[in-house]
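J.: Just passing along the structure, written as structure tokens.
The values are calculated or read from the model by the stated rules, or taken from the named source; none is laboratory data. From a predicted model like this one, the values you see are computed outputs, not experimental measurements. When we count neighbours, we look across all protein chains shown, and the Cβ atoms used for this are built from the backbone with ideal geometry, even at glycine. Accessible surface areas use protein heavy atoms only, side chains included; no ligands, DNA or RNA. Shrake-Rupley method; radii C 1.70, N 1.55, O 1.52, S 1.80 Å.
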Amino acid sequence: MPDGVDVLIAGAGPSGWALAAACARLGLRTALADPAPLAPWRATYGLWSDELSLPSGAIGAAPAQTLAIGTSEHRLRRRYLVVRNDGLRDWLIDDRVQLLTARVQHAVHGPHGSTVVFDKGHRVAAGIVVDATGLRRMLSGGPLRRAPTEQTAFGLVLGTADAERLVPHAGDTALFMDWRQVSQVDDPSFLYSIPLGGGRVLVEETSLARRPGLGHDLLAARLRARLAAVGLSPEGRQERVRIPLDLPPVRGGRVVPFGVAAGLVHPATGYSVATSLRLAPLVAEALADNLGHGPPEAAKAANRRIWTSRARAVHSLRGRGLRALVSMPPAALPQFFELFFALPEDRQRVFTSGREDLPGTAAMMVELFRHAPWDLRGRLIR
């Protein structure tokens, strides 16, 4: 264990590693604590190419086309990328970051810094403490005390030939969502499909938003029914997804929450990785610029940078969009997304990726409302 560091980050997922590397590049003595700091990341991450510039080694697949289907097919001009997890980690790792193979328990704060206590009784002094432990929020309040609205999915990794019996050109197509087979009375789900590279394709049955989330067993049965309809009964690597969508924006006190722990999950899409990676250099800069004024001031500056007033306002509007989606009957969802994907590309982009674009987000919601039929307008108003 080190005698002391400028920044100690708990949690070695993509957000924790991104911030640790950004801090180290600015000359801050940085430690990253996790029970398994180099364990493989199991989730499959996707993002839009205009959100973040990734090196080629961090890209698992760059499909030639991206499709979205409400009631008809829309070819999206935005490029969708699938992350190669080990390549992303290689890009983020910085040898100047000290790795602590331990689980954090709590932190004690004083006017000149903090003491972080670990599971085996070890202690480390740190100027700034960052909580990047995801939903566990080990240092910033613990798990949520209520049942969240969740996006859930069950997926199977197929060979390209099998996947193309379900999704045409699946080996080089990102199918963002396909609502055409919505027939469930109460709990609709859609098909999502992305190539992973190496002749593999992930196909998922996805429940967009429900409280509590739709169960994986039910989603698995629906996906297998889709596959059976085209003569497939494959088994292979499975993926289970459970993403809480209505996380509140968390601005810590002496602890700086980051990533999912800070509530950076998009309320209507469930995406957060690109946001964390974009924010990491800005948060590191806020820490480096203010640490000389004392740890409390540095933590305050970092928390303000993560949740600006505009970011909070946009998050609130997106949350309203989530509540509208949850309240819609199944038959209305394909119609809603038909309207959304018919909007101009810049309107779609601002809703999915414009985290601080308050005027653009409001304009997008107004335009969608203006094009909606009267029955859908009534539901959006309510």
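J.: Of all residues in the stretch 100-119 being in a strand (DSSP E or B) and closer than 20 Å to P14 by Cβ, which is most open to solvent (accessible area, probe 1.4 Å)?
T.: Once the filter is applied, the top-ranked residue is T101.
J.: Something else: Just checking, does the stretch 228-238 include any residue being out of contact with any Lys or Arg (no Cβ under 9 Å at 6 or more places or on another chain), open to solvent by 10 Å² or more (accessible area, probe 1.4 Å), under 22 Å from L47 (Cα atoms) and not small (G, A, S)?
T.: Yes; the residues of the stretch 228-238 include at least one that is out of contact with any Lys or Arg (no Cβ under 9 Å at 6 or more places or on another chain), open to solvent by 10 Å² or more (accessible area, probe 1.4 Å), under 22 Å from L47 (Cα atoms) and not small (G, A, S).
J.: Still on this structure: Limited to the stretch 62-93, what total is found for residues that are aliphatic (A, V, I, L, M), surrounded by fewer than 17 Cβ atoms within 10 Å (Cβ to Cβ) and either assigned to a helix (DSSP H, G or I) or free of Cβ contacts under 8 Å to residues at least 24 places away in the same chain (or both)?
T.: Total satisfying the criteria: 1.
J.: Starting from residues that are modelled with pLDDT of 95 or more, open to solvent by 30 Å² or more (accessible area, probe 1.4 Å) and out of contact with any helix residue (DSSP H, G or I) (no Cβ under 6 Å at 6 or more places or on another chain), keep the ones in the stretch 126-165 and report whichever is farthest from G4 (Cα to Cα).
T.: Once the filter is applied, the top-ranked residue is R165.
Yes/no per residue for (1) open to solvent by 10 Å² or more (accessible area, probe 1.4 Å); (2) in contact with a Lys or Arg (Cβ under 6 Å, 6 or more places away or on another chain); (3) at pLDDT 95 or above:
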| residue | (1), (2), (3) |
| --- | --- |
| T269 | yes, no, no |
| E285 | yes, no, yes |
| A298 | no, no, yes |
| R312 | yes, no, yes |
| L317 | yes, no, no |
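J.: Name the single residue, out of those in the stretch 327-342 being modelled with pLDDT under 85 and open to solvent by 30 Å² or more (accessible area, probe 1.4 Å), that is nearest to the chain's Cα centre (by Cα).
T.: Among them, the one singled out is S327.
J.: From the list L81, L92, L88, L76, which one is under 23 Å from the mean Cα position of the chain (by Cα) and under 24 Å from N290 (Cβ atoms)?
T.: None of the other options fit; the residue is L92.
J.: Mind listing whichever residues of the stretch 253-285 are within 12 Å of A299 (Cα to Cα), in a helix (DSSP H, G or I) and not small (G, A, S)?
T.: V283, E285
J.: Which condition from (1) free of Cβ contacts under 8 Å to residues at least 24 places away in the same chain; (2) under 21 Å from the mean Cα position of the chain (by Cα); (3) in a strand (DSSP E or B) is the one that S53 breaks?
T.: Result: S53 fails condition (3) only.
J.: Report whether or not R96 is surrounded by fewer than 16 Cβ atoms within 10 Å (Cβ to Cβ) and farther than 30 Å from R349 by Cα.
T.: yes
J.: Looking only at the stretch 16-45, which residues are farther than 18 Å from R254 by Cα and open to solvent by less than 20 Å² (accessible area, probe 1.4 Å)?
T.: Across the stretch 16-45, the qualifying residues are W17, A18, A21, A22, A24, P37.
J.: Out of A64, A58, A31, A68, report the one residue that is aliphatic (A, V, I, L, M) and within 30 Å of V117 (Cβ to Cβ).
T.: Answer to the check: A31.
J.: Filter the stretch 343-378 for residues that are farther than 18 Å from Y80 by Cβ, of a type in the set (D, E), assigned to a helix (DSSP H, G or I) and at pLDDT 90 or above and give the result.
T.: none
So that you can scan it fast, the table gives a plain yes or no per residue for (1) out of contact with any Gly (no Cβ under 8 Å at 6 or more places or on another chain); (2) of a type in the set (S, T, N, Q); (3) more than 25 Å from A161 (Cβ to Cβ):
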residue: D178; (1), (2), (3): yes, no, no
residue: D186; (1), (2), (3): yes, no, yes
residue: L191; (1), (2), (3): yes, no, no
residue: G197; (1), (2), (3): no, no, no
residue: E204; (1), (2), (3): no, no, no
residue: R210; (1), (2), (3): yes, no, yes
residue: L214; (1), (2), (3): yes, no, yes
residue: A220; (1), (2), (3): yes, no, no
residue: R226; (1), (2), (3): yes, no, no
